[in-house]
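Chemist: Below you'll find the structure I mean.
Nothing in this text is a laboratory measurement; each read-out follows from the coordinates by a stated rule. Treat the numbers as computed from the prediction; the structure is a model and nothing was measured. Every residue, glycine as well, gets a Cβ built from its backbone with ideal geometry; the counts of neighbours run over all protein chains shown.
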Amino acid sequence: MKYWFTILCIIIISHSLTAQQDIKINKTPVIESFSTIKIGDTRGNISLLGIKFKNTMVLCQILIALMMTITFIQSGLDKLIDRKGNLEFFKSHFAHTPLKSVYNVGLSILTILELMGGAMCAYGIYYAIVENSTIWIFNGLLLLAVTILIPG
């Protein structure tokens, strides 16, 4: 139980730090229109499918978030659709461990966290394009990192 409290504290602290950092960042858009790009511009702009990005880091964050969105939403939906099969797997997997009595609740928590993390990454992609900030991608990836650390 003490580990959950530690993880929760880390999430709260990192969220407050990134929120403050997000406010201090200059107002350079994450995705710029074509008219703002100058010939010989050295800011590191990159284009993919005709969309200009502020720099390569933003493009990498969006692509990683896309991959994680697809992976974790598919996994969460699989756990919802074939719950009986997943329960049988968890039951046999945790049969000789201290978690044998809570595998049902564990599957539910894991399913919710996977779907929430995938949804946060999906919203983060939209938010990065519309609001010019990758804070939701960061938060979604942080939640998915915690989800991966849960036994299952």
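Chemist: With a 10 Å radius around each residue's Cβ, average the other Cβ atoms per peptide and rank 96-103, 117-124, 68-75, 143-150, highest first.
Modeler: Values: 96-103: 12.1, 117-124: 22.5, 68-75: 17.6, 143-150: 15.8.
Highest mean packing first, the order is 117-124, 68-75, 143-150, 96-103.
Chemist: Let me ask something additional. Fewest to most neighbouring Cβ within 10 Å: what's the order for T134, T56? Don't skip to the answer; put the middle values down first.
Modeler: On the way: T134 22, T56 11.
Arranged by neighbour count, lowest to highest, T134, T56 become T56, T134.
Chemist: I need the phi-derived Karplus couplings for the stretch 55-63: 6.51 cos²θ - 1.76 cosθ + 1.60, θ = phi - 60°, integer Hz, Gly and Pro marked x.
Modeler: 7, 5, 5, 5, 4, 4, 4, 5, 5
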